[in-house]
Every structure is written in C-alpha cells, then in structure tokens.
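The values are calculated or read from the model by the stated rules, or taken from the named source; none is laboratory data. Quick caveat, the model's predicted, so the values are computed rather than measured. In this analysis, Cβ positions are derived from the backbone assuming ideal geometry, glycine residues included, and neighbour counts consider all displayed protein chains.
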Amino acid sequence: MADKCDLCLLGLIILSSLLTGTSGYDHVYISSGENVSLSCNKALSDCNSTTWSYYDRHSGLVELITGGIKNKDTERLERLSLESDCSLNIKNVTEEDYGFYYCERFATVSLHVLHVSVSPSSSSSSSSISPGRSVTLSCQLYSDVACDCFDPCYDLVSSEGLELLWVNQTGVDLKTDSRYQILFSSDHYHCIITLTTTLLNEDDNREWRCQLTRRDQLETSVRYTVKYSDPADTASETGVSVTAGSLYRVIVIIVGIAVFAAPTVILLQIICARRAGRKDSKHPEEIEMPTILE
C-alpha cells in the first residue's frame, strides 16, 4: 500500500511538471564517478527562490536545496552545488544518486546512473585478477520508472529506445565473440547486462566497455581495464629490498663493534706480552699491571 502511495505522489509531481513546466519530464544518463548538471529550465535573474527536491524511495520527497541554500541534513551536501542558471550540479555521481529530481514546478529530471562491478573483486588479495580465472563484469543501469508495470526495465527500454552493450576497445559488440557469455536481465527497476569470460594471458591491460545507447545514439559508457599483478615479481622486489636492508644493518653492527672493541684488544695484547716476558722471573703476585696510556 505504501509503495502505491509513493508512486501516486511521484505521479502527481510529474503531472504537475508536465502541466506547468516548459519541458516536463527529462531523462539524463550518466556513468558513476562522473559529474552531472540537471537543468531547472528556469529563466530568472537569480536563484534565491530555487528549491531542488529528490524523490527518495524510502522516505519520500526530500529537499536538497531550499531558497538557493543547501540542506545540511542531506548526505549529498558536499557533492551538491547550484549554478547561476539554477541547474543542480552533482559531483562524483554514485549508483545511489539515481532517481527523480524536481525543480519546483519548472522541471522533473530522471537521473539514470550506469555502473560496473566485477566478480571476483580485483581489490581482494584472495581473489586477484589473473590468467585462467573466470571473471564476470556486471553493468547495471540504475533507474526509477514512473509506471505501475510488470517489468519497469522493459518499459523503459522499449519507450526510450535504450540498449546496453558490451564492446571491446574498437567498439565491436562482444556478442559476436564466442569466448564471451553476454546475459541481459532486470532486477526490479534496474537493467543489467553481464559479461563472463575466462581470462587469457593477452588480456592484461585489455579494455572492455559497457555502453548505453538511446535510439542508436551513445548516451554514456563505463570502461573496465584488466590489470594483472605478478606475485613472482612482487616477491622478488620485496626480497631484494629486505636483503639490502639487512646487509646494511650487518655492516653497521660490525663497524660499531670494531670501533668500540679496538682499545680492549690492544690492552689484552699488552698484558699478554708482559706476562710472557716475566713469567720466569716473578711470581704471579709480583706481576705489575701495565699502565694504560690515554
């Protein structure tokens, strides 16, 4: 019931934008990690009265900017800014930023975010990317769709003419290569296209790209570059570093011992020499201790 109420609220916002705004419901496509500017379509001399809101899927409508001032309670605070034309800037977009943004009664913007994740994660030492391993790249289009339909992803793809593709560095669709398994699916609102393959030696520094086209025009893309790490080289470099450091420490210790032990050695030599020369003429108690010259 709550989901239907939220959907009705969103529908009212979009309907209001369509009736009173200049361009209504706009789609903006961006890749994660990039910056985006959402237009308010508002021809005013200043933005002191501008209010930008975001439709949060959990808590409803949240004001990001009120009267030209950023709301301190928003998690996006540091990444938000307002341009002179009242456009909303979002820096370093994440997959959590997708959804509907509403600029008063002037415009409603649907932000779609393209993001790629890899399995196994290359950041984990226990599951490093290396030849012979199977790797799966998941490219996901994060979207909110204002429709009460069975498959929102399919509805978005069909109505907007969207297509997700995995291509190589030269732009060739990887579906034409048998070594790649390409699978398209949807997860509630999100469209997903995965690429699975077994890595080869020659894949080091190879680039694969997930691209989103809209009516055969490129909207945005995300690149993934394979990076191999050679454990043997790393171990060799570490060994050289440790060996060199150990050798240096040994030399320092030996020199230090030699410097501090030299007076002691000279003293022992003097004592032994005098004892050897007098052992037949004097009793042990008569042996004079040598005077140490400073």
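Laid out as a table, the results:
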read-out	value
Qualifying residue in the stretch 121-134 (condition: in the same structural domain as L218 (by TED's automatic domain parsing), within 26 Å of L200 (Cβ to Cβ), assigned to a loop (DSSP other than H, G, I, E, B) and β-branched (V, I, T))	yes
Count of residues meeting criterion [in contact (Cβ under 8 Å) with a residue 24 or more places away in the chain and either in a strand (DSSP E or B) or more than 17 Å from V226 (Cα to Cα) (or both)] in the stretch 156-186	11
Matching residues in the stretch 187-199 - criterion: being in a loop (DSSP other than H, G, I, E, B) and either out of contact with any Lys or Arg (no Cβ under 8 Å at 6 or more places or on another chain) or not assigned by TED's automatic domain parsing to the domain that holds P152 (or both)	H188, Y189
Listing of strands (runs of 3 or more DSSP E) fully contained in the stretch 32-105 that carry 3 or more residues being out of contact with any Phe, Trp or Tyr (no Cβ under 7 Å at 6 or more places or on another chain)	60-66, 80-82
Contacts under 9 angstrom Cβ, first residue in the stretch 62-73 being touching a residue at least 12 places away in the same chain (Cβ under 8 Å), partner surrounded by fewer than 11 Cβ atoms within 10 Å (Cβ to Cβ) and of a type in the set (S, T, N, Q), 6 or more apart	G67/N48; G68/N48
Some residue of the stretch 215-233 being more than 23 Å from the chain's Cα centre (by Cα), at pLDDT 95 or above and loosely packed, with under 10 Cβ neighbours inside 10 Å	yes
Residue in the stretch 135-172 that is farthest from E207 (Cα to Cα), counting only those that are under 25 Å from the mean Cα position of the chain (by Cα) and of a type in the set (F, W, Y)	Y142
Residue match in the stretch 204-213 (condition: surrounded by 12 or more Cβ atoms within 10 Å (Cβ to Cβ), at pLDDT 50 or above and aliphatic (A, V, I, L, M))	yes
Number of positions in the stretch 46-65 that are small (G, A, S) and surrounded by 13 or more Cβ atoms within 10 Å (Cβ to Cβ)	2
Selection status of G68, within 30 Å of V116 (Cα to Cα), loosely packed, with under 15 Cβ neighbours inside 10 Å and either assigned by TED's automatic domain parsing to the domain that holds L88 or at pLDDT 90 or above (or both)	no
